[in-house]
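Each reported figure results from applying straightforward, stated rules to the coordinates on display, with no laboratory input. As the structure is a computational prediction, the values presented were derived from the model and not from experiment. Please note: Cβ atoms are built from the backbone with ideal geometry, for glycine as well, and neighbour counts cover all protein chains shown.
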Amino acid sequence: MRKNSIAFGGGAYGDEGKGRIVDEYANILAKKYKMVIYRDNGGSNAGHTVEVPGKAKIALHQLPSGVFVKGATVILGKGMVINPADLLEEIRQVKKANSNKLIVTILIDEMAVLTLDTHRAFEGVLKKYQEGGKGSTGRGISPAYADVLLRHPLRARDIKTFNKEKILSHYRMYKDIIKGLGEDMEKWEINTLGSSGKSTVGSEKVFIDRLLKQSKELKRYISDVSDFLKTSWNSKSYAFIFEKAQAVGLDPRYGVYPDVTASDTTFGGIESSTEGLIDPMEIEIRASVIKATYMSSVGTRKLPSMMTPELAHRIREDANEYGATTKRPRDIAYLDLVATDFFRKVGKATHMVLTHMDIVYKDTPVKVCIGYTLKGKKVTYRPDQEFLNKVKPVFKEFKTWDKDKVQKAKKYVDLPKEAKVFLTYISKYLGVPILMITTGPKREQGIRF
Ligand code: IMP
C-alpha cells in the first residue's frame, strides 16, 4: 500500500461534487508533503466550478481542482484527451485568479491524446446518424478516443514538435470523412471555452496557424512525465491525489448505453494512463463519491428509482442540479444502492464519500432503493436499459433528519441520530467505510470520518 495516496472518482452518473473533496484533501496533505495531483481520463467534457475565496469563480474542465494547491505538481495524464484552445483558456483564468501567476507546475504527458475542432465537427455531424441518447457534451471526446483505436491519434507531443505533416493529414482525413457525410467541415460550427463560445473549424491554413500559435504557448508544459512519476511515487516526501473525471455510471463498459462517455472512469484507468507505473490497487484510499440522498443523471437513461416530478423539481432547484458544462437540467432519482454497489465493485473503490447530506425535507422520508425484482425474483444490477426497464425497485424509507443540525455539525457525533442511522446502513450495504460527508454548500461544511 502506498501511504498518502488517495483517489477520488464519481460513483454514480457524474456531477457528484468531487472537486471540492479533492480540494479539501489536497490542502490537508499539502501541509506536510509535496503534492502531486494526477488526472487520468476525460477532457473538457468534465465541469467543475471552483470559487477562489475573495476572487473569481472559475469553471475547470481539464485542469484538476488541485490547480489551486500552492506548489503542487498537476499532471494531465496519457489517458486524457486534451483540447489545446480550451486548456489555454483555463490556464489563463486560473492565472488571472492568482495575480497572473501559476502557483502550481502543470505537466502534460506527451502521450496524451489531442481533441481538436475537427473532432468536435465530426461529433456534431455524426449526431444526424445516431439514435437514442441526448448526445455528447460536444467537446469531441469520443472521436479523439476513437482515433486511438483506429491507430491515428494526434498526441500532445505532435504539437510540441509541431509535426505539420501529421496534423495536415489529420485535418484532411476529417475533412474527407465529413464531406462524405454531406457536410463542409470548414464551416461547421463548434463549441469552445473562449469568449464567444462558438467558432468554426476553418480552412487548412486557419486550422494550422491557430494550432501553431497554441502549441507555442502549450509546449512548455508537455513532456515525458514517467521519470517524475516514478521518482515521486517512490518518494516518501510526496503525497498523491488522483482526481478522476465523470463517473463509473458513465463508463462505456459499465454505464447504460448510449448515455456513456468514452474514457475508463474506473480507478483501473490510472494504471493504463501511467503506463503501469502506478497500480491503482496500491493506492491507499480509493473513494467513490456519490450524493447521499438522491442521484442525478443527464441523458435518456431511465433509472429504476425515479421519484415524483415534484420532489425531483424541488431537489433540482435546491441543489442547483444543472450541468456545469452544458447547463442542462439533470434528472433526479432516489439513491439506488443496487447500482451504486455495482459501480463501487467494478470501479474498485475502498471507501465512499457522501455529498449533499443536507438535501432533506421535513415530513418527507429519505427513500432509498435497496433491491430490484424481476418477475418476483431478486435480481442485481446490469448495465442494460432494456433490463433496467423491466425491474421493480424495492425501497426502504429512513426517517428524515434536521437539515439545520446537519449543516451545523462539525463532527460525526454532532449529527442527528437519524442521519447516523442512514450512514451506518449505507456503509453496511456497500461493505466499505465512509471517508467523508458534506453537509452544505460551503467549503467548511464537511465531516471527515
Ligand atoms: P461525452 O463525454 O461528451 O462523449 O458525452 C457522453 C455522455 O456522457 C453524455 O450523455 C454526457 O452528458 C455525459 N457526460 C460526460 N461528461 C459528464 C460529466 O462530467 N457529468 C455528467 N455527465 C457527463
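For the chain, the mean projected area of the C-alpha convex hull, equal to one quarter of the hull surface, is 21.4 nm².
Taking a point 7 Å out from the Cα of Asp363 in the direction of its Cβ, the residues of region 398-432 whose backbone N falls within less than 20 Å of it are 398-405. Each of Tyr429 and Phe228 was given a label point 7 Å from its Cα along the Cα-to-Cβ line. The distance between the two points is 4.2 nm. Shape call for region 354-416 from the C-alpha gyration tensor, a ≥ b ≥ c root eigenvalues: rounded (a/c under 1.5), prolate (a/b greater than b/c) or oblate? Prolate shape, in that a/c is at least 1.5 and a/b is the bigger ratio.
For Glu131 and Val421, the difference between the fully extended length at 0.36 nm per residue and the C-alpha to C-alpha distance is 100.0 nm.
Most tightly packed first, judged by the mean number of other beta-carbon atoms within 10 Å of their residues, the peptides 304-315, 341-352, 426-437, 70-81 read 70-81, 341-352, 426-437, 304-315.
On the basis of the beta-carbon distance and an R0 of 25 Å, Arg2 and Lys442 show a calculated FRET efficiency of 0.20. Does region 1-139 classify as rounded, prolate or oblate by the C-alpha gyration tensor (a ≥ b ≥ c root eigenvalues; a/c under 1.5 gives rounded; else a/b over b/c gives prolate, otherwise oblate)? In terms of gyration-tensor shape, prolate. Within the same chain, lysines fewer than 8 places from Lys128 are excluded, and of the rest, those with a Cα less than 30 Å from its Cα are Lys166, Lys175, Lys179, Lys187, Lys198, Lys205, Lys302, Lys327, Lys390. Here Thr49 and Leu149 are evaluated by their C-beta separation; at R0 = 30 Å the FRET efficiency comes out at 0.40.
Each residue of region 72-85 was assigned a 3J(HN,Hα) from its phi angle through the Karplus expression (A = 6.51, B = -1.76, C = 1.60, θ = phi - 60°), giving 6, 9, 10, 10, 9, x, 4, x, 8, 10, 10, 9, x, 5 Hz with x at Gly and Pro. Counting Lys and Arg as +1 and Asp and Glu as -1 over every other residue whose Cβ lies under 11 Å from the Cβ of Lys392, the net charge comes to +4. Which residue, Val421, Val69, Val113, has the most motion in a Gaussian network model of the chain that connects Cα atoms within less than 10 Å? Comparing Val421, Val69, Val113 in the GNM, the peak value goes to Val421. Shape class for region 87-195: prolate, because the ratio a/c of the largest to smallest gyration tensor axis (alpha-carbon atoms, square roots of eigenvalues) is 1.5 or more and a/b beats b/c.
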